[in-house]
Structures are given as C-alpha cells and as structure tokens.
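The values are calculated or read from the model by the stated rules, or taken from the named source; none is laboratory data. All values derive from a computational prediction rather than experimental measurement. Glycine also receives a Cβ, built like all others from the backbone with ideal geometry; neighbour counts cover every protein chain displayed.
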Amino acid sequence: MTRPDLLARAEQARAGRERAGLLRRARTCDVLADGKRLVQGRALVDFCGNDYLGLASHPDLVRALTRAAAAEGVGSGAAHLVSGHRGEHAALEEELAAWTGRERALLFSTGVMANLGALQALLAAGTPPAGGVATALCVQDKLNHASLIDGAQLAGADLRRYPHGDVEAAGRQLDTRPALPALLATDGVFSMDGDVAPLRDLAAVCRTHRATLYVDDAHGLGVLGPEGAGSVSAAGLGSADVPVLMGTLGKALGCAGAFVAGDAGVIDAIAQFARTAIYTTAMPAALAAATRAAVRLVRKDAEGRRERLAANIARFRAGAAQLGLPLLPSATAIQPLPMVGARAAAAAASALEAEGYLVVAIRPPTVPQGGARLRITLSAVHTDDRIDGLLDALGRLPRPAEGAVV
C-alpha cells in the first residue's frame, strides 16, 4: 500500500477551495493620513476594520507607546513567567480587572490564544482526558468564534452546540451530561452577525444547571455598557453571573492582545495551565502602555466617541432601510448585508472597491453555507459624507434578479 502524500492532499484541498470561489488572500492595506487605506495603489475608505472608536492612531496612544519603547525597548524578550512580565503589564492587568469589575485579569498575546488557553485550562483542569473520555462538557452557540470551538476540542471536552441564540436549546444541551462539570461559552457580540447574545437568559440557564458562563466580549468591550465595559456590563451582569470574561485589546481599544478576567482563584488556575500564556513571549511593554492609555480614554470618553459611533450606526441603518437593503438585525458596529452566494459577495466587494470603499466579502467557512455577506463595520471616525457615499454605492449593487444582494 502506498502512503498518500500529505502535501499533495493539502494542495488538492486548496485547489478545491479556489474552484468554489472561496480562496482567501491577504492584501497590503497601508494607513493613509486621512483615515483611508492604500490598497494596490488606490486610496479606499475603510468600512471593514474593527477600530470601532478610531483609537488606533490616537495621539495619546502613540505617545504612550513611544515613551515606553524608549525606556523598555521593543520586545519583552521572555515569557511572562520568566522575565518578560514588566510593570506596564502588571498595571494593565490591574486596570482591566477594575474596569470590568473583576478581581484579576491575565494578559494574552491574542484573542485566539486567550480562548484556546483559558478553555484548555478550565475544561481539562490540568489533566488531559485519557483514552478519549471527556472530563468536562462544553456547550456553545453555533455561531461562536472559531477559537472558542477549537479551544473546547483541543481540551478534549464533550462539545455540544445549540442553534444561534436559542437559550432553551442551550439548557437541553447542558442536560445531556449532568455528571460532568459544564461550561457554556458564547460570544457577547457575534463577529459576523453583529447581534448581542441573550446574556441574562444564558446566565439564568447556567445558574439552573450549575454551569459556568464564559463570555468572549471581543466586539462588545469598549463600545457597549457603562464606561464601555462591554456587553456583560450592558446586560447588568457581574462576575457572579459571568465568572470568566474574555476581551480583546485590538478592536475598540485600537491596540493588540487580549485578557481573561474573573475571581483571583479562577484566573490563577488559568495562569497555571493555559499553555498559550505560559509558553509564549510576553507582549511588548510599550504596547501595554499604549493599551493603558486607551483604557483611560474609553472609560472617560470625553471626546464622545461612543455617542458618535451610535449616531453613525443609526444613520447607516436608516439609509439602508430607505434603499431597501436587507441588513441583518444588528444594533452594533457590525452591519452584515447578506448576498446570494460567495461569488456574488466577492463581486460586490470588488464593485465597492471600484467606487473607493473597502468592504470585505465574508464567505464560507467563516460563515455557514448560504451565509455569504458583506461585513460592513462602522467607526466613530466615519463622517456623514463617507457613510452616505457608501450607501449610494451599495444602492447601485445588482439586486436579487441580477444575482447579488439577497
């Protein structure tokens, strides 16, 4: 028997994705001074990034990063548990914990690493399953971020998924393995649909079933709730309701990295067993300093950025309604416009680019089959004329009979 060629199999899978019109490639998008992006020689208005408050280039962040880099250097040079944990990291963790109403926070280099590491630590509890026997149950929304799903699978948990936003179905899944410790994980704001999870109802289900609620608030932190503390805070929930909260620092905060926050004992346990935190170099101290500046700006919001973002969302949705565009029901900065298929989504993105707007086509497997869309994102720095210009361009896209917008 001839062993199949591993690399040939990978190439065949890549070719299959290309034939289906689902091949993805990174393009260089350089930042221009007026908030546009330079893509293949063209200046485009960015309507697909996650810099929801426009803080990535804020002078306070730039000054904080520059000062810290001059004092600390660029790289941290070691993992947090070796010699890479600096004063800026410690101060940032304390400020993130205070902001989110938790006892302690633990930094990770990315949101993916935070979810993989925290779920591995919680679901495996330091002891990987033996012989394929799961030692914990993990129940998740079907539209959760891929890193939440991967984290449960890598931990060897019994992973059960429920239809999007279906609280009763989540409870039924928790009932399937009553003898196992259970964790229910959900996005706070769903990254592709833009809707907010029914957090209060999920918290109630977790109390009934003695399960732990874990919320990934990557797209809610900074823009929702009092002081921008996120979707959990906006729902009026605290650490007793949501014992483990994950947030990212590279979206509304305009920096990079992530954290998990909760009671001190829980976070210490995660710190002991989360391999993605233990075995990686710490984020640069200068980046932590910039993030601290971002947290201060977001909490005070003296410039009214959250209010401006809310106004931009309202303006865009009102304009889309006038045009008859079938946006998904989202009240957040993420505004998805369904398309009839992956190729139509790609063609629509190209048409918008020709008119000066950067909007990315989202296709399977990032979204379910039949769920291709344009993922339009609003920012506090978008001006009325740019929003109106995008709406005009969207209004000129082909309609259903012509094979584009749903």
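Being within 30 Å of GLU88 (Cβ to Cβ) and in contact with a strand residue (DSSP E or B) (Cβ under 8 Å, 6 or more places away or on another chain) is a property that holds for THR276.
Taking the conditions (1) closer than 19 Å to ALA347 by Cα; (2) modelled with pLDDT of 95 or more; (3) surrounded by fewer than 14 Cβ atoms within 10 Å (Cβ to Cβ) in turn, ARG63 satisfies each one other than (1). Only residues that are assigned to a strand (DSSP E or B) and over 15 Å from LEU174 (Cβ atoms) were counted across the range 197-232, and they come to 2. Only one of the numbered conditions (1) touching a strand residue (DSSP E or B) at 6+ places or on another chain (Cβ under 8 Å); (2) within 24 Å of ARG25 (Cβ to Cβ) is not met by ALA354, and that is (1). Taking the criterion of being surrounded by 24 or more Cβ atoms within 10 Å (Cβ to Cβ) and aliphatic (A, V, I, L, M), the residues of the range 220-243 that qualify are LEU221, VAL223, LEU224, VAL232, VAL242. Whenever a residue of the range 311-326 is under 23 Å from ARG399 (Cβ atoms) and in the same structural domain as ASP392 (by TED's automatic domain parsing), its partners that are small (Gly, Ala, Ser) and assigned to a helix (DSSP H, G or I), lying with C-beta atoms within less than 6 angstrom and at least six residues away or across chains, give the pairs LEU323/GLY395. The criterion of being under 22 Å from GLU303 (Cβ atoms), modelled with pLDDT of 90 or more, small (Gly, Ala, Ser) and within 28 Å of the chain's Cα centre (by Cα) holds for GLY49. Mind listing whichever residues of the range 338-348 are in contact with a strand residue (DSSP E or B) (Cβ under 6 Å, 6 or more places away or on another chain) and surrounded by fewer than 21 Cβ atoms within 10 Å (Cβ to Cβ)? Within the range 338-348, PRO338, ALA346 meet the criteria.
Evaluation of PRO129 against the conditions (1) farther than 20 Å from THR332 by Cβ; (2) at pLDDT 95 or above; (3) touching a Gly at 6+ places or on another chain (Cβ under 8 Å) shows that the sole unmet condition is (2). Step by step: first the residues of the range 250-282, then only those that are of a type in the set (Gly, Ala, Ser) and more than 22 Å from the chain's Cα centre (by Cα), then the one that is nearest to MET113 (Cα to Cα). Which residue is that? The qualifying residue nearest to MET113 (Cα to Cα) is ALA269. When we screen SER379, SER330 for residues that are within 27 Å of ALA197 (Cβ to Cβ), part of a loop (DSSP other than H, G, I, E, B), out of contact with any Pro (no Cβ under 9 Å at 6 or more places or on another chain) and not β-branched (Val, Ile, Thr), the only hit is SER379.
Here's the yes/no breakdown for (1) on the phi > 0 side of the Ramachandran plot; (2) crowded, with 17+ Cβ neighbours inside 10 Å; (3) free of Cβ contacts under 8 Å to residues at least 60 places away in the same chain; (4) touching a helix residue (DSSP H, G or I) at 6+ places or on another chain (Cβ under 9 Å):
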position: MET113; (1), (2), (3), (4): no, yes, no, yes
position: ALA134; (1), (2), (3), (4): no, yes, yes, yes
position: VAL139; (1), (2), (3), (4): no, yes, no, yes
position: PRO163; (1), (2), (3), (4): no, no, yes, yes
position: THR176; (1), (2), (3), (4): no, no, yes, no
position: LEU183; (1), (2), (3), (4): no, yes, no, yes
position: ASP201; (1), (2), (3), (4): no, no, yes, yes
position: TYR214; (1), (2), (3), (4): no, yes, no, yes
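A residue that is of a type in the set (Lys, Arg) and crowded, with 18+ Cβ neighbours inside 10 Å occurs somewhere in the range 37-57. Considering the range 151-161, the residues that are within 17 Å of VAL215 (Cβ to Cβ) and in contact with a Leu (Cβ under 7 Å, 6 or more places away or on another chain) include one that is surrounded by the most Cβ atoms within 10 Å (Cβ to Cβ), namely GLY151. Among the residues in the range 343-359, are any in contact with a His (Cβ under 7 Å, 6 or more places away or on another chain), modelled with pLDDT of 95 or more and outside any loop (DSSP other than H, G, I, E, B)? No, every residue in the range 343-359 fails to be in contact with a His (Cβ under 7 Å, 6 or more places away or on another chain), modelled with pLDDT of 95 or more and outside any loop (DSSP other than H, G, I, E, B). Can ARG9 be described as without any contact (Cβ under 8 Å) to a residue 60 or more places away in the chain, part of a helix (DSSP H, G or I), farther than 26 Å from PRO284 by Cβ and in contact with a Lys or Arg (Cβ under 9 Å, 6 or more places away or on another chain)? Against the criterion (without any contact (Cβ under 8 Å) to a residue 60 or more places away in the chain, part of a helix (DSSP H, G or I), farther than 26 Å from PRO284 by Cβ and in contact with a Lys or Arg (Cβ under 9 Å, 6 or more places away or on another chain)), ARG9 does not qualify. Contact list please: Cβ distance under 6 Å, first residue in the range 225-247 and touching a residue at least 60 places away in the same chain (Cβ under 8 Å), second residue acidic (Asp, Glu), pairs at least six apart or on different chains. Note: pairs meeting the criteria are GLY230/ASP217; MET246/ASP216; GLY247/ASP217. Exactly one residue out of GLY73, GLY21, GLY84 is surrounded by 13 or more Cβ atoms within 10 Å (Cβ to Cβ) and over 30 Å from GLY341 (Cα atoms), and it is GLY84.
Selection of strands (runs of 3 or more DSSP E) fully inside the range 18-76 by the criterion of at least 1 residues being without any contact (Cβ under 8 Å) to a residue 24 or more places away in the chain and in the same structural domain as ALA361 (by TED's automatic domain parsing) returns 29-31, 36-39.
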